[in-house]
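The structure under discussion appears below in the form of structure tokens.
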Amino acid sequence: MNKINHIINVLRMKIGEDNKRQCSKNVAMSVIVCISAGIMLIMNIIRHSTLMTITSLILVGGFAVTGVLAGVFKNSRASSVIMAIILTGVFTVFPISGGNEGFAVLWVLLIPLFSISLFGLRIGLGMNAYFTLLITALFYTPLNIYIKDLYTDNFMHRFPVLFLADSFTAQFLALSMEYYYKMTRMQVYTDDMTGAYNRKYFMEMLEAPEVVKDDLCISVIDVNGLKETNDTLGHAAGDEMICAVPGFAKKAFGDSVVIARMGGDEFAVLTYGKKDDVAQKVSVMKKFAESNRGSLINQVYLSAGVASRAENMDLTPEGLYQEADRYMYEDKSAYYKQSGHDRRSR
């Protein structure tokens, strides 16, 4: 079960270049479909095939729009959704239209081959589920009265089996490729010591358009007394303090929280909500740290700063991070002043 959860978490992982990567794929797909559908359009007009002419026009026009959305406006989500809707509609027509002994319906075999790789997990798996239900219903239920005159009995019995085998194999390969791709990216974006994301990942996330929302909040967390712990108990104890921080964050914010080690004993948390609510969770995080019982160290004292975009609309996400960092140092100064420790013993 832990292995399955790990695979799911890796597949769901979002990386900083996701939008750019998806836009590139959508532009390439739009160009290919527009060219191929354009050729089909000319051929279908010559052959006076009304249905196929209409579908070709839809493909050319629709994918021209998706290409502009992805290439000019850098909106990968809208582009992917429109692509998926167009292809789902057009490919739904193919099994019903029949064609030359199933020539049209054979196009449906392409869906499992490219849907996940092109559109991502959610859209790709959704399309595969839809077409699996469609093919099963059309060929193996009483609905087959609408298409049984279009195909031979042999084709009616064998095509669904072919589609299911194609679908299972293609989805397995696509998921495997996506898993290993993200595992590779995870090694680039993950801090080896703590298991949290690293600074590179966090800063790239701040550049992603979908991250910038009005309720964006960034919290900066820093461990107090690390130098003193290293000097008195050893670096293993100091490392234990640092490694414990992501666990405190997940207890307070939830397992899906985005927490990154920005360097040394400083971490950043990206979340959404009202600043007061986020500050309350940070306070809870501090209490978890102070009640910690580890193998080498017990209480861990943290300093924190929270900055919200709602209060700093003029700041970029990176500027918001710097603002949270400033608040954290104010909190750290107050901690050392209250505790009477030398600030240099941080």
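At a glance:
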| item | result |
| --- | --- |
| For the range 184-260, alpha-carbon Rg and Dmax in angstrom | 14.5, 45 |
| Environment charge of Phe139, counting only residues whose C-beta is closer than 13 Å and scoring Lys/Arg +1, Asp/Glu -1 | +1 |
| Isotropically averaged projected area of the range 240-346, using the convex hull of Cα atoms (one quarter of hull area), nm² | 7.1 |
| Three-way shape call for the range 38-164 based on the alpha-carbon gyration tensor, with the a/c threshold at 1.5 | oblate |
| Cα-based Kirkwood hydrodynamic radius, the range 97-166, one decimal, Å | 12.6 |
| Spread of Cα-to-Cα distances over 10 Å intervals beginning at zero, given as percent, for the chain | 5, 20, 23, 18, 13, 11, 7, 3, 1 |
| Neighbourhood net charge (12 Å Cβ-Cβ; Lys/Arg +1, Asp/Glu -1) for Gly71 | +3 |
| Contour minus Cα-Cα distance for Ser295 and Met203 (0.36 nm per residue) | 29.8 nm |
| Inter-site label distance for Ser49 and Ile147 at 7 Å from Cα along Cβ, in nm | 1.7 |
| Alpha-carbon Debye profile of the range 15-79, log10 I(q)/I(0) at 0.17, 0.28, 0.29 Å⁻¹ | -0.58, -1.02, -1.07 |
| Accessible area of His48 in the full protein assembly, 1.4 Å probe (Å², nearest 10) | 150 |
| Mean-position separation - Cα centroids, the range 105-169 and the range 19-78, in angstrom | 22 |
| Expected 222 nm ellipticity per residue - DSSP helices of 4 or more, -39500 (n - 2.57), all of the chain, to 500 | -22500 deg cm²/dmol |
| Modelled FRET efficiency - R0 30 Å, Gln280 with Asp192, Cβ distances, 0.05 increments | 0.40 |
| Computed FRET value (nearest 0.05) for Ser36 with Phe168, which takes r as the C-beta separation and R₀ as 22 Å | 0.25 |
| Under the Karplus curve 6.51 cos²θ - 1.76 cosθ + 1.60, θ = phi - 60°, whole-Hz ³J(HN,Hα) for the range 185-198, x wherever Gly or Pro sits | 5, 4, 5, 6, 9, 10, 7, 4, 6, 9, x, 7, 5, 9 |
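The values are calculated or read from the model by the stated rules, or taken from the named source; none is laboratory data. Keep in mind the model is a prediction, meaning the values are calculated, not measured. Cβ coordinates were reconstructed from backbone atoms using ideal geometry, including for glycine residues, and neighbour counts include every protein chain displayed. Heads up: the accessible areas ignore ligands, DNA and RNA and are worked out on the full protein's heavy atoms, side chains in. Shrake-Rupley method; radii C 1.70, N 1.55, O 1.52, S 1.80 Å.
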